[in-house]
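Colleague: Mind having a look at this structure? Questions to follow.
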Amino acid sequence: MKRWHFWVGLLISVIFLFIALRGLQITDVWEGIKSADFIWLLPAIAIYFLAVWMRACRWHLFLRPIKEVPIKEVFPIVTIGYMGNNIYPARAGEILRAIVLKHKYEIPVSGSLATIVIERIFDGVIMLGFIVLNLSKITTLPGAIEFSKTIRTVTLWGSIVFINALIIFLLTAIFPEKAKNILFLMIGKTIPKKWRGKIQSISMKFITGLRSLSSPIIVIKIFFISIIIWLLETGFYWFVMYAFPFRVSFSTLMLMNGVLNLFTAIPSTPGYIGTFDAPGIAMLTAFGVNPEISASYILLLHAALWLPITLAGGLFFGKVGLDWGKEIDQVNMGRES
């Protein structure tokens, strides 16, 4: 709580929560949650964990050029990462799973972080694809002109960032020696001499972490698995919807899934409080769903996304035997690479 980014994230979450709940009858929102048909959460949570298993399959492909890690061993580490993202600020769960992987398989943190970064880039590209394919649905809605302009702007800038990042990483994987030479040249011109050796070593391990992208077959597999992951996660949204008295199309939920995950890239509290909820309520309301029902659905959806995976990740982390605070301190001091 002494770190500035915690307070910035908290402020942003408070602002988004105010936007999300402004003008709503909170008692009606609570009644909507209480009257939901909770039996639909069972298939929803099952399909969500299937999506997490597919994420483990994808990370297995990323890691294979570095070290063969069985999928059944990757899955618990992925859930630990989700747990970390849900309870620590600044997506610290990504660092946490890199640390757990080093502890169990001696894979350098910088190498596994490279695979995690490229994972997020693939997610971003597929997420933006979902939005672009279905964006016309919201641009034609009366009263949603300003909201659709916001989505278009965020999508444009997101596309620029993710697509360019993907191209850079693909070129780095295909031409590692040229990438190394360029990177070392930049390090030589910008980093003090006493730090250069350490930074160069970490950089080489990071480039090694991108090795899977040098294979076109693996890249195609990763794209295919990424699409399945996002379709499964949209299925989670679809099942939770059946707990409430409204219906929208699967393609509308694809759009909402993409938009909500795009907004969670904005710094906020752990668990993406506010940045997940406000755009979700706004979207459903734009599609004609009662605002209080929209809020009930989004809040229950958010809780179902947060609680089961956090509990599972906590259980798996308890079996690893690591001191999270100690390990993070070691990374901050440069002892892990």
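Colleague: Could you list, in sequence order, all residues of segment 170-221 that are part of a helix (DSSP H, G or I) and of a type in the set (Ser, Thr, Tyr)?
Modeller: Once the filter is applied, which keeps residues that are part of a helix (DSSP H, G or I) and of a type in the set (Ser, Thr, Tyr), segment 170-221 yields Thr172, Thr190, Ser201, Ser203, Thr208, Ser212, Ser214.
Colleague: Hey, can you tell me all the residues within segment 101-159 that are touching a helix residue (DSSP H, G or I) at 6+ places or on another chain (Cβ under 6 Å), among the β-branched types (Val, Ile, Thr) and not in a helix (DSSP H, G or I)?
Modeller: Once the filter is applied, which keeps residues that are touching a helix residue (DSSP H, G or I) at 6+ places or on another chain (Cβ under 6 Å), among the β-branched types (Val, Ile, Thr) and not in a helix (DSSP H, G or I), segment 101-159 yields only Ile107.
Colleague: While we're here: Suppose we keep only residues that are open to solvent by 30 Å² or more (accessible area, probe 1.4 Å) and outside any helix (DSSP H, G or I) within segment 287-321. Which one would you say is modelled with the highest pLDDT?
Modeller: Asn290
Colleague: State whether the residues of segment 114-124 include one that is closer than 29 Å to Gly321 by Cβ, open to solvent by less than 30 Å² (accessible area, probe 1.4 Å), more than 14 Å from the chain's Cα centre (by Cα) and free of Cβ contacts under 8 Å to residues at least 40 places away in the same chain.
Modeller: no
Colleague: Any residue at all in segment 179-202 that's open to solvent by 40 Å² or more (accessible area, probe 1.4 Å), within 15 Å of the chain's Cα centre (by Cα) and either of a type outside the set (A, V, I, L, M) or modelled with pLDDT of 95 or more (or both)?
Modeller: No.
Colleague: Report, ordered by the first and then the second residue, all pairs with beta carbons closer than 7 Å, sequence separation of six or more or different chains, a first member in segment 198-219 that is free of Cβ contacts under 8 Å to residues at least 40 places away in the same chain, and a second member that is outside any helix (DSSP H, G or I).
Modeller: Ile199/Ile191
Colleague: Go through (1) farther than 23 Å from Ala179 by Cβ; (2) open to solvent by 20 Å² or more (accessible area, probe 1.4 Å) for Thr234 and report which single condition fails.
Modeller: Single failed check for Thr234: (2).
The values are calculated or read from the model by the stated rules, or taken from the named source; none is laboratory data. Just so it is clear, the model here is predicted, and its values are computed rather than measured. Using ideal geometry, Cβ is built from the backbone for each residue, glycine included, and neighbour counts are taken over all protein chains shown. For accessibility, only protein heavy atoms count, side chains too; no ligands or nucleic acids. Shrake-Rupley method; radii C 1.70, N 1.55, O 1.52, S 1.80 Å.
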